[in-house]
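The structure appears right after this line, and notes come after that.
The values are calculated or read from the model by the stated rules, or taken from the named source; none is laboratory data. Small disclaimer: the values here were computed from a predicted structure and weren't measured. Here Cβ is always computed from backbone atoms with ideal geometry, including for glycine, and neighbour counts include all displayed protein chains. Surface areas here come from the heavy atoms of the whole protein model, side chains and all, with no ligands, DNA or RNA. Shrake-Rupley method; radii C 1.70, N 1.55, O 1.52, S 1.80 Å.
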Amino acid sequence: MVAPVLDQPEAFARIRLLRSPNIGPVSYAQLLMRFGSALAALDALPELGRRGGRAYRAAPAETIEREIEAVRRAGAKYLFHDQPGYPALLGQLDSAPPILTWRGDLALAAQPCVAMVGARNASAAAVKLARDFASALAEAGFTVVSGLARGIDGAAHEGAFPRTVGVIASGIDIAYPPQHAALQERIASEGLLFAEQPPGTEPRGSHFPSRNRIIAGLAAGTLVVEAAVRSGSLITARLAGEAGREVMAIPGSPLEPRSHGGNHLIREGAVLVQSPEEVVELLSGFDGIPRSTFREPAGDFDHAPEELANAEPADIAALLTTAPIAVDELIRQSGESAAAVQLALLELEIAGRLERHAAGRVSLCG
């Protein structure tokens, strides 16, 4: 399929649409499907918000003009979901970021990728192990993806240079953590740096799970080197499993709390690996069918663009509560078409009344 030519007014409208209140990756994609362009979707937002029960105003054009200038000043560029350079594996996610900003060598994301994650307060042995694994995987032709955090992330980036991708939870012009400012700049210069948040955005707690889904989405598999049971690394592993990617973990001592998360993953179905060669064997020629069983299928559904474009919204607000429920269950209970239910959810989301959760679930906002 030939990518559509994206002129400046439509590119501007896409950025403005995504930065508008209550618009996330799923609703953004549905708006483009229903209306055919971001320009048309922006015109429709006030009416959709009214039908969802609240007045609506899109992001001001002046805000987007300032953002575009900030991206230029940072030496970065925009990457839209349907442009040729957009990473193919990432684009397979239902929640794939519609727009990324980037610096560096975009071709690195098109090569076979493996994500490496782990503890921030990692042991010295695990840091050395991560660096050695990353170096060997890069030597074998893989691009190593991680999140620029202290500990395992930083070691993975350093070991893989220049074949490494950093994904940050802040804007492209914000270094986080500050101790990794030089590392982040080196990745942007020699490797590849991605950001989903607008420039100037300081990282918040909610940004890190969003960043983690990009890390998992870019790679055919995610390797957990060392992690406690309550760790963001396990979120990345779960997201990789939900996406149908390989989930791997290096085992550790049961006496070391920082190993309990990786050991838990192995018990739950992640593949135990003890050498870079085992990772290479698992991911070489990855065909979308992982050997690991650590995954939780998302309860989503497919619909054709013309179905969504022609649908009338279903009356499903009464079926929703603040408890998350799968969208396909709403379809069954309402007796409506998938496109009609999706449109009703879109209107509620734009009005700020709906929250989306993992595995294709939704709820009313609390």
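Would you mind stating whether Thr101 is under 15 Å from the mean Cα position of the chain (by Cα), hydroxyl-bearing (Ser, Thr, Tyr) and at pLDDT 95 or above?
Answer is yes for this residue.
Take Glu202 and decide whether it is open to solvent by 20 Å² or more (accessible area, probe 1.4 Å) and over 19 Å from the mean Cα position of the chain (by Cα).
Criteria not met by Glu202.
Out of everything in the stretch 332-360 that is part of a strand (DSSP E or B) and in contact with a helix residue (DSSP H, G or I) (Cβ under 7 Å, 6 or more places away or on another chain), what residue ends up being surrounded by the fewest Cβ atoms within 10 Å (Cβ to Cβ)?
Ranking the qualifying residues of the stretch 332-360, first place goes to Arg356.
So, of the residues in the stretch 122-150 that are part of a strand (DSSP E or B) and touching a Leu at 6+ places or on another chain (Cβ under 9 Å), which turns out to be nearest to Ala107 (Cα to Cα)?
Applying the first criterion (part of a strand (DSSP E or B)) to the stretch 122-150 yields 143-146.
Keeping just the survivors that are touching a Leu at 6+ places or on another chain (Cβ under 9 Å) gives 143-145.
Numbers: Thr143: 10, Val144: 13, Val145: 13 Å.
Looking at residues that are part of a strand (DSSP E or B) and touching a Leu at 6+ places or on another chain (Cβ under 9 Å), I get Thr143.
Of all the residues that make up the stretch 97-121, how many are open to solvent by 20 Å² or more (accessible area, probe 1.4 Å) and closer than 19 Å to Gly166 by Cβ? Let's see the steps before the verdict.
Step one: list which residues in the stretch 97-121 are open to solvent by 20 Å² or more (accessible area, probe 1.4 Å), which gives 102-107, 110-112, 120-121.
Imposing the further condition that a residue be closer than 19 Å to Gly166 by Cβ reduces the set to 102-107, 110-112, 120.
Number satisfying all stated conditions: 10.
Filtering the stretch 50-74 down to residues that are in contact (Cβ under 8 Å) with a residue 12 or more places away in the chain, touching a helix residue (DSSP H, G or I) at 6+ places or on another chain (Cβ under 8 Å) and assigned to a loop (DSSP other than H, G, I, E, B), which residue is surrounded by the most Cβ atoms within 10 Å (Cβ to Cβ)?
Only one residue fits best here, namely Ala58.
So which of Ala138, Ala124, Ala88 is open to solvent by 10 Å² or more (accessible area, probe 1.4 Å), without any contact (Cβ under 8 Å) to a residue 24 or more places away in the chain and within 24 Å of Ala181 (Cβ to Cβ)?
After ruling out the rest, the residue left standing is Ala124.
Suppose we filter the stretch 7-28 for residues that are in contact (Cβ under 8 Å) with a residue 60 or more places away in the chain, hydrophobic (A, V, I, L, M, F, W, C) and touching a Ser or Thr at 6+ places or on another chain (Cβ under 9 Å); how many remain?
Number of matching residues: 1.
With the checklist (1) outside any loop (DSSP other than H, G, I, E, B); (2) surrounded by fewer than 20 Cβ atoms within 10 Å (Cβ to Cβ) in hand, flag the one item Asp94 doesn't pass.
Asp94 satisfies all of (1) outside any loop (DSSP other than H, G, I, E, B); (2) surrounded by fewer than 20 Cβ atoms within 10 Å (Cβ to Cβ) except (1).
With respect to Asp153, is the statement that it is in contact with a strand residue (DSSP E or B) (Cβ under 9 Å, 6 or more places away or on another chain), at negative phi and open to solvent by 60 Å² or more (accessible area, probe 1.4 Å) true?
No, not satisfied.
Taking the conditions exactly as written (open to solvent by 10 Å² or more (accessible area, probe 1.4 Å), in contact (Cβ under 8 Å) with a residue 24 or more places away in the chain and more than 23 Å from Ala240 (Cα to Cα)), does Gln197 satisfy them or not?
Details: open to solvent by 10 Å² or more (accessible area, probe 1.4 Å): yes; in contact (Cβ under 8 Å) with a residue 24 or more places away in the chain: yes; more than 23 Å from Ala240 (Cα to Cα): no.
Spelling it out, it is not the case that Gln197 is open to solvent by 10 Å² or more (accessible area, probe 1.4 Å), in contact (Cβ under 8 Å) with a residue 24 or more places away in the chain and more than 23 Å from Ala240 (Cα to Cα).
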